[in-house]
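Only one structure is covered here, and it is reproduced in the block below.
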Amino acid sequence: ISTVLHMLNHVRPFLQSILLKNNQPAERTPFEQAFVTILKKLWNPNMIRPCVSLIEFKDQLQMAYPDFAQLPQDPKFVYLWMINHFSDHNVLETIGRVMKGKIEVRRTPIDAQTLLPNGPSSKVENLFSLLSLDLPTVSVFKQRNLVSIHDSNTLQDTISLKSLIDSKLRKPHVSKDGRFQLEYTVATPPKHMVLHFNRFADSSHLEKTRNKAIVEYQPEKFEFFPGYSYSLKYTLT
């Protein structure tokens, strides 16, 4: 919760839409009221920052929203839950304008035996709040860009962020059920892009399956997509 709040603190249009609005506390949902309160505490120059506790914020959400207490202990799910639980029109408009993009998914049926296309393709365009990128598979043997799962102190070669994006958007993927070939194209990139690296193949055994690949970022702005350049603002680990 703490890391997600700090990440959202770097999205200035989002903060302005929440902190500068003139509606009364009675018009806010329990989540919005708790969120505004904790943000004001974090940004109050007269408060000692170490004294800002998240326990009250967490307890308020768990009491008002039972589903919040059932979330996996993963910042990804906390982030998605938060940005999808605002009800204020101005906040929703800001989130949709600067924090969400559109991705086109092309789905083609494939033959289960040959894994070759076997039927007409269909396209659908969806909104996305984060872009998940798959890291190279963890191996029990030392290979390039990989590290032995038995040697946690061994550093591995870095993987460029560009190569991960190219793998996501330039290559076809097979759906989890093995019935379709999926191809992704970002139709409208968001102004603030949130990237998620799939480091845990099985959430029930996090320590055993953590992928330790190191992702290399460009120090300055670099082109994610044609005509769209980004610079790194925040890293959540």
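Would you list, by chain and number, the lysines whose Cα falls below 26 Å from the Cα of Lys162, excluding same-chain residues fewer than 8 positions away?
Lys76, Lys100, Lys102, Lys123, Lys142, Lys171, Lys176, Lys191, Lys212, Lys221, Lys233
Taking only the alpha carbons of the stretch 53-126, what extent do you get along each of the three principal axes, in Å, biggest first?
Result for the stretch 53-126: principal-axis Cα extents of 55, 30, 17 Å.
At what distance in nm do the modelled label points of Leu236 and Lys191 sit from each other, each positioned 7 Å from its Cα along Cα→Cβ?
1.9
To the nearest 10 square angstrom, what accessible area does Leu54 show with a 1.4 Å probe?
50
Any idea how far apart Asp67 and Ser121 come out in nm if each label point goes 7 Å out from Cα toward Cβ?
3.4
Run down the lysines and flag those whose C-alpha is under 20 Å from the C-alpha of Lys40, throwing out any fewer than 8 positions away in its chain.
Leaving aside lysines fewer than 8 places away in the same chain, those within reach of Lys40 are Lys21, Lys58.
What ³J(HN,Hα) values, in whole Hz, does the Karplus curve 6.51 cos²θ - 1.76 cosθ + 1.60 give for the stretch 77-85 when θ = phi - 60°, with x put for Gly and Pro?
Karplus-based 3J(HN,Hα) across the stretch 77-85 equals 6, 5, 4, 5, 4, 5, 6, 9, 10 Hz.
Apply the Karplus parameterisation 6.51 cos²θ - 1.76 cosθ + 1.60, with θ equal to phi minus 60°, to every residue of the stretch 103-114 and state each ³J(HN,Hα) to the nearest whole Hz, in sequence, with x for glycine and proline.
10, 9, 10, 9, 10, 10, x, 10, 6, 5, 8, 9
Just the Cα atoms of the stretch 11-102: what Rg and Dmax do they give in Å?
Final numbers for Rg and Dmax: 13.7, 41 Å.
Taking the Cα-to-Cβ direction at Arg199 and at Asp134 and moving 7 Å from each Cα, how far apart do the two end points lie in nm?
Taking the simple label geometry, Arg199 and Asp134 are separated by 2.0 nm.
Largest first, what is the accessible-area ranking of Lys123, Lys41, Lys58 with a 1.4 Å probe?
Descending order: Lys123, Lys58, Lys41.
The values are calculated or read from the model by the stated rules, or taken from the named source; none is laboratory data. From a predicted model like this one, the values you see are computed outputs, not experimental measurements. Because the Cβ atoms are built from the backbone with ideal geometry, glycine has one as well, and the counts that use them run over all protein chains shown. We work out accessible area using only protein heavy atoms, side chains counted, and drop any ligands, DNA or RNA first. Shrake-Rupley method; radii C 1.70, N 1.55, O 1.52, S 1.80 Å.
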